[in-house]
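Structure first, then comments.
Since every read-out is calculated from the coordinates, none of them should be taken as a lab result. Just so we're clear, the structure is a prediction, and the values are computed from it rather than from any experiment. Quick reminder, even Gly has a Cβ in these numbers, built from the backbone with ideal geometry, and neighbours come from all protein chains shown.
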Amino acid sequence: MSIVSSDLVCYCAASRPEDDASTSGGAIDTASQPALTQFGTSAKVAVISDGTDTRSVTIEGRDAGGAIQTESVTLNGTSEVLSTNTYSRVLSIVLGSSSGTRTVLVKEGSGGTVRGTLAPNITGLYIMFRKSASAGTTQVRYEKLFWQNNNGSLSLTSAQMTLTTDAASDIQIGCDVALNSSASVANRLTAPSSVVFVGDNVAQGIPSSGVLAAASKVGVWIQETLAANASALTSTFTTQLAGQTV
Amino acid sequence: MTRTEAEAQIRQIPRRCRGALPEAERAKVADALRAGDLAAARLADAKGRPGCGHDFNDVVCAGPLDGKMHSYTCPDCGLSATYTAPLYVLEEEAPVAAEN
């Protein structure tokens, strides 16, 4: 059977800094995904599973005043559970344990828009550049995500990596210079060496002649540029891995 | 690493200009993102671009390899944007002696 889009999965890197001192990048973390879209307005977080499920869910976000708020709720199977706090933005959603069968939806308010999906075996959803801020001078930060080919046998050929949307126009992306790399940088203010960063106007191939073999992954460095004294923003960008399959 | 070696490494990953996304189309993408519809956003982006195909590695290799952000204009479609050059610590290329 050919590779289908659900075989190509985006994951977090193991080192996901919350400050400008910790290591950024590293190896792939196949239990976490950088797949949370931001709320349209302040709301409680609603979580709901697709079956019997009593796992804990830890929510971290900012309230309307910008203060960090953290709380834990307990899933109640297919009944929606609401957070106590109201969030203007959500930074992470982390399950207390893994499940090989259950899928958990994260919604903006009761019955609201789905902002994240914790598929089986995924325990965490994270935004990137958590707790980063502008300063008196331009701030450039670097974090990494991965795209992995989860097909059992087939290679994705002529693979292309593209920044397909960048609502705030502050993102550029660049592939690691080798596949399956666990390269990291000392902190997220340090640029990875030898990486070309491009915006949404350029499509780039991947290393290894554009072939992403079964179970292989490509690291994608994300560069965020915040102008001096930039206003607070909540934004979403998307990356796309595309290619050919037999 | 020499400049020649660095450019060869850069060209190992193909890069192509996608052409500019008109403002009206960019607004559609932004609306879709605000609605949380990532698939619609990606589709609007892809449909809105005229395509270009210029070898962007030519742009990178014509500029400094200094790890800094640079402005460029695509010589084929005229799109103006920025990119960030890769950082390489370059060695002098060895002069080749020859006796004629």
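A Cβ-based charge dipole, computed about the Cα centre of the range A:1-52 with Lys and Arg at +1 and Asp and Glu at -1, lands at about 160 debye. Dipole of the range B:10-76 computed with +1 at Lys/Arg Cβ and -1 at Asp/Glu Cβ about the Cα centre; of B:33, B:22, B:73, farthest Cα towards the positive end is B:33. Excluding the site residues themselves, the longest part of chain B lacking any GluC sites (Glu not before Pro) in a DSSP loop with at most 10 other Cβ atoms within 10 Å is B:1-91. For the range A:43-126, the residue among A:66, A:98, A:76 whose Cα projects farthest onto the positive side of the dipole built from Cβ charges is A:66.
Estimated from helices alone, the mean residue ellipticity of the protein assembly as shown at 222 nm is -3000 deg cm²/dmol (sum of -39500 (n - 2.57) over DSSP H runs with n ≥ 4, per residue). Shown is the FRET efficiency for residue B:68 and residue A:131, computed with R0 = 22 Å from the Cβ-Cβ distance and rounded to the nearest 0.05: 0.30.
Scalar couplings 3J(HN,Hα) for the range A:99-107, obtained by applying the Karplus form with A = 6.51, B = -1.76, C = 1.60 to θ = phi - 60°, are 9, x, 10, 8, 10, 10, 9, 10, 10 Hz; x denotes Gly and Pro. Taking 19 Å as the straight-line reach from the Cα of residue B:28, the lysines in range (excluding those fewer than 8 positions away in the same chain) are B:47. Comparing B:63, B:19, B:36 in a Gaussian network model of chain B, where Cα atoms under 10 Å apart are tied by springs, the biggest mean-square fluctuation is seen for B:36. The magnitude of the dipole of the protein assembly as shown, with charges of +1 and -1 set on the Cβ of Lys/Arg and Asp/Glu and taken from the Cα centre, is near 860 debye. Converting the Cα gyration tensor eigenvalues of the protein assembly as shown into ellipsoid dimensions via √(5λ) gives semi-axes, longest first, of 36, 22, 20 Å. For chain A, set up a Gaussian network in which alpha carbons nearer than 10 Å are linked by springs, and say which option among A:224, A:60, A:71 fluctuates the most. Maximum among the listed residues: A:71.
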